[in-house]
Amino acid sequence: NARGAIMPDTIAPQLLAFAKTSRAYLDGASRRKMIRFVRSCWNADGGVRGRDDRSDLYYTVFGALCLKTLGGRIPILRLWRYLQSFGDGAELDPVHMYSLIRLRTMFPISSTRRNQLTRRLQDYPAESPYDIFFKVISAEQLNKEDRPKALLLLSSSQTTPNLAAAIVVNQNKNEEAKALLMERFCPESGGFSVSSTSRNADLLSTATALFALTVLKADMEPIREKTFEFIESLWREDGGFCAYAQDGFVDVEYTFYALLGIGCLMK
């Protein structure tokens, strides 16, 4: 690991712990509404739907994270059957392989198969810092091919999710890292944009920036109120969250990003 870097096996628990802090902000009715939304996305086959009606391992990770964050009950038997249908994951791409491993951490009985899948990830070097971040929270490992990518990231040319992922994986606790992130804050809307040249805030950039800033122990007070307002503006009537102001589509991924963002602002 890089000197001072977070150990990979601490990132996933930290992410969930920060998200759970959102419970201090949400009242009971709001939590129940969000739980109903997430459970409505769970299909009969045991997976969670994504951008269409089909179950998807990637979105199932976020569905499980949402329910864990909110204190909702995960349909564990249906989920087990869904995961079993993928066998050894031979046909899966890296992101869905990471997702399968993350979900199988919920079932200690499947630890042998999960460890076999984790060893296979050596054949799947990550392509971006955010890939590295998702790989770490899923498989809790970095291999030697990933590590140089994770170390080269502190750059204004990186997208906000990539920059935030680099900061978290390497724990770049310095003012440069903080300044690069704060360049992406949009005071008009209250969220963070995908780059230093864009003024259009989105929830993925906002949540990942807030997570990295919380890791950096940055002072949130100057941005807290406006960012709360931005996140709340993306909450839709059915209980889910969408990606940006003009977006009408809600899903469990962005609902988890909302919970993570709120939780970080409560720290």
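Annotations
- Listed residue pairs exceeding 21 Å between alpha carbons, taken from 178/226; 68/178; 20/267; 178/267; 226/267: 68/178
- Segment residue 73-residue 246, length gained on full extension (0.36 nm per residue, minus Cα span): 59.1 nm
- Between the stretch 229-262 and the stretch 4-78, the alpha-carbon center distance in angstrom: 13 Å
- With 0.36 nm allotted per residue and the present C-alpha distance subtracted, the residue 228-residue 106 stretch has 40.8 nm of extension available.
- Length gained on full extension, residue 52 to residue 182, computed as 0.36 nm times the residue gap minus the Cα-Cα distance: 43.4 nm.
- Taking the inverse of the mean reciprocal distance over all distinct Cα pairs, the Kirkwood hydrodynamic radius of the stretch 166-221 comes to 11.2 Å.
- Computed from Cα atoms alone, the Kirkwood hydrodynamic radius reported for the stretch 25-98 is 12.9 Å.
- Other residues with beta-carbon under 14 Å from the beta-carbon of residue 191 carry, at +1 per Lys or Arg and -1 per Asp or Glu, a net charge of -3.
We did not get these values from a lab; they are worked out from the coordinates using the rules stated. Remember, predicted model here, so these are calculated numbers, not experimental data. All Cβ positions, glycine included, derive from the backbone under ideal geometry; neighbour counts span all protein chains shown.
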